[in-house]
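Asker: The structure's right below; bear with me while I get my questions together.
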Amino acid sequence: MLYNSLTMDAKTISKLILHRILAVNTIYRYETKRITRNDRSTYALTLKVEGLTYYYAGGKTYVTDPHHLLLISKDARYQWQLGQQGKCITIEFEGELEGEPFDFYEFALSDAVSREIATMLLNVANLWDLKKDNYLLKCKSMFYKILDKATVTEHKETYLPSSYRHMLEPVIDYIRTRYFDKHITNESLAAMAGISTVYFRKVFTRVYGESPIKYLRTVRIKKAKELLIGDDASIGRIAEMTGYSSVYTFSKMFKLETGVSPTEYAKEYFSNHR
């Protein structure tokens, strides 16, 4: 299966669920010709801690070098070619990632973050090779730290005044803890921030990349997903618990966010986790 474009974003990538690490490989590539890979069946997270390697998929070119971490999708078909010899560390793993299909996701790393992630990957490789003292748990923990460091770096809005983020902190806290409040509006949130509604929407969208109401819906639907896989709440009760006034509105918003109805989501989840 070959996907034609990179359709994921860092926020979606940060939701990746790691099921099992299969291998941690430290590789020194010497081949200079372009190699075709059509048999990938697992995800991979790879960084060329020294040197440079090119990957070609769907008409796009990706690189991994000390400043570019790559996430490679399972089932991806691609070609790779050595650009400059050096050490490459790759974590091969089984996992789960919601969202549109993709071939590669490329994380651009600053100098400081590049050094941190390289150090963490070297530690993972060392733990994997030694296989001592709960190394699987330690490797899994380190994997999430690497992903967190890479995605937080991409989301960080360093160009915005810190006052913007401080202004929105009470709003974000309220949404995350009081998402079930049926009376949340742009106006009520703007009042918490102490600014006009028009200015609030503009600032919020600039900082978080989506409107306040879209952010609220994302939080509500995420909580609804968690409740749906439990066994103690009906669809009507879940709608009420996540701030929706009716099952109809809840189902409409859930499908808008996920592409399926709440009932379909629950059936699919339990079917895949038997």
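Asker: Filtering the stretch 141-184 down to residues that are over 22 Å from E116 (Cα atoms) and among the hydrophobic types (A, V, I, L, M, F, W, C), which residue is modelled with the lowest pLDDT?
Answerer: The residue in question is L160.
Asker: Among the residues of the stretch 28-53, how many are assigned to a strand (DSSP E or B) and either open to solvent by less than 20 Å² (accessible area, probe 1.4 Å) or at pLDDT 90 or above (or both)?
Answerer: Total meeting the criteria: 10.
Asker: Would a scan of the stretch 153-167 turn up a residue that is assigned to a helix (DSSP H, G or I) and aliphatic (A, V, I, L, M)?
Answerer: Checked the stretch 153-167: at least one residue is assigned to a helix (DSSP H, G or I) and aliphatic (A, V, I, L, M).
Asker: Within the stretch 207-244, which residues are surrounded by 14 or more Cβ atoms within 10 Å (Cβ to Cβ) and acidic (D, E)?
Answerer: E210, E240
Asker: Among the listed residues K138, K131, identify the single one that is within 18 Å of F93 (Cα to Cα), surrounded by 13 or more Cβ atoms within 10 Å (Cβ to Cβ), among the basic types (K, R) and modelled with pLDDT of 90 or more.
Answerer: K138
Asker: Check whether at least one residue in the stretch 181-200 is more than 19 Å from V260 (Cβ to Cβ), within 26 Å of the chain's Cα centre (by Cα), in contact (Cβ under 8 Å) with a residue 40 or more places away in the chain and open to solvent by 40 Å² or more (accessible area, probe 1.4 Å), and report yes or no.
Answerer: Checked against the condition, which is being more than 19 Å from V260 (Cβ to Cβ), within 26 Å of the chain's Cα centre (by Cα), in contact (Cβ under 8 Å) with a residue 40 or more places away in the chain and open to solvent by 40 Å² or more (accessible area, probe 1.4 Å), the stretch 181-200 yields no hits at all.
Yes/no per residue for (1) open to solvent by less than 10 Å² (accessible area, probe 1.4 Å); (2) in a strand (DSSP E or B):
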| position | (1), (2) |
| --- | --- |
| Y56 | no, yes |
| K74 | no, no |
| W80 | no, yes |
| C88 | yes, yes |
| F93 | yes, yes |
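Asker: Look through V260, V247 and report the one residue that is β-branched (V, I, T), modelled with pLDDT of 90 or more, in contact with a helix residue (DSSP H, G or I) (Cβ under 8 Å, 6 or more places away or on another chain) and loosely packed, with under 15 Cβ neighbours inside 10 Å.
Answerer: V260
The values are calculated or read from the model by the stated rules, or taken from the named source; none is laboratory data. Source: prediction; values computed, not measured. Using ideal geometry, Cβ is built from the backbone for each residue, glycine included, and neighbour counts are taken over all protein chains shown. Remember, those area values only see protein heavy atoms, side chains included, never the ligands or the DNA or RNA. Shrake-Rupley method; radii C 1.70, N 1.55, O 1.52, S 1.80 Å.
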